[in-house]
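The values are calculated or read from the model by the stated rules, or taken from the named source; none is laboratory data. Computed from a predicted model, the values in this text were never measured in an experiment. With ideal geometry, Cβ positions are generated from the backbone for all residues, glycine too; neighbour counts draw on all protein chains shown.
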Amino acid sequence: MLTTLALLLALPQAAAPCPATPAPLPAELRSWTRPTAVTAGADAARAMRIRPGETVRATLLPRSGVRFAFLPPKGAGHAGLFGITVERAGRYKIALGDRAWIDMIRDGAPLPSVAHGHGLACSGIAKLVEFDLRPGRYLVQITGSATRQITLLATPVATR
């Protein structure tokens with residue numbers, strides 16, 4: 001009896017089902033449900049330009065076909081480059097629909113993230129990473145995606 005109870009407690013708990021009508025996303029993530037189809041860039045010069053606050057559903061490339069601005073950790077999967085221009089200094093959030101590595105690059109060097117976590121339950125957001133950015137041009141480098149397509153949003157973090 002105790003062995004059976006111990007085995008039951010050791011089993012992973014199933015995730016709670018999502019409600020028929022999920023909770024609304026915070027204002028900064030509202031465009032998540034309306035992505036635009038794009039293809040990721042293969043190098044910095046051809047990085048797909050994205051605008052802050054606009055969600056994209058990106059077709060990624062095989063890792064071997066991408067010339068990285070910053071050499072990511074070894075690994076397989078799909079990758080791509082995205083260019084973003086920041087007009088106002090502040091904290092920016094990168095949301096991904098699947099698990100992958102995110103590097104924010106400026107002048108050829110990766111920037112440190114200031115926060116990271118999992119997406120909101122039932123939102124379709126798998127990963128959130130935040131960076132403090134100043135005005136200028138940046139490269140968002142996605143690597144290690146198991147899927148060929150990924151949803152991505154770069155947006156200013158709402159101030160409270």
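Return the only residue of ALA109, ALA121 being modelled with pLDDT under 95, small (Gly, Ala, Ser) and in contact with a Pro (Cβ under 9 Å, 6 or more places away or on another chain). Unique residue meeting the criteria: ALA121. Considering the conditions (1) under 17 Å from the mean Cα position of the chain (by Cα); (2) under 29 Å from PRO19 (Cα atoms), GLN141 is excluded by exactly one of them, (2).
Might you let me know whether region 73-91 holds any residue that is free of Cβ contacts under 8 Å to residues at least 12 places away in the same chain and hydroxyl-bearing (Ser, Thr, Tyr)? The answer is no, given that none of the residues of region 73-91 is free of Cβ contacts under 8 Å to residues at least 12 places away in the same chain and hydroxyl-bearing (Ser, Thr, Tyr). Checking each residue in region 45-83 for being touching a Ser or Thr at 6+ places or on another chain (Cβ under 9 Å) and part of a helix (DSSP H, G or I) picks out only ARG63.
For the structure I just gave you, tell me whether PHE68 is among the aromatic types (Phe, Trp, Tyr) and more than 13 Å from the chain's Cα centre (by Cα). Here the answer is yes, as PHE68 does meet what is asked. Restricting attention to region 25-44, and to residues there that are assigned to a loop (DSSP other than H, G, I, E, B) and out of contact with any helix residue (DSSP H, G or I) (no Cβ under 8 Å at 6 or more places or on another chain), which single residue is surrounded by the fewest Cβ atoms within 10 Å (Cβ to Cβ)? Only one residue fits best here, namely ARG34.
The set of residues in region 103-138 being under 17 Å from PHE82 (Cβ atoms), loosely packed, with under 15 Cβ neighbours inside 10 Å and basic (Lys, Arg) consists of ARG137 alone. Please verify whether region 139-155 includes one or more residues that are free of Cβ contacts under 8 Å to residues at least 24 places away in the same chain and surrounded by fewer than 17 Cβ atoms within 10 Å (Cβ to Cβ). No, region 139-155 contains no residue that is free of Cβ contacts under 8 Å to residues at least 24 places away in the same chain and surrounded by fewer than 17 Cβ atoms within 10 Å (Cβ to Cβ). Scanning region 48-92 for residues that are farther than 20 Å from ARG148 by Cβ and in contact with a helix residue (DSSP H, G or I) (Cβ under 7 Å, 6 or more places away or on another chain) gives GLY53, GLU54, ALA69.
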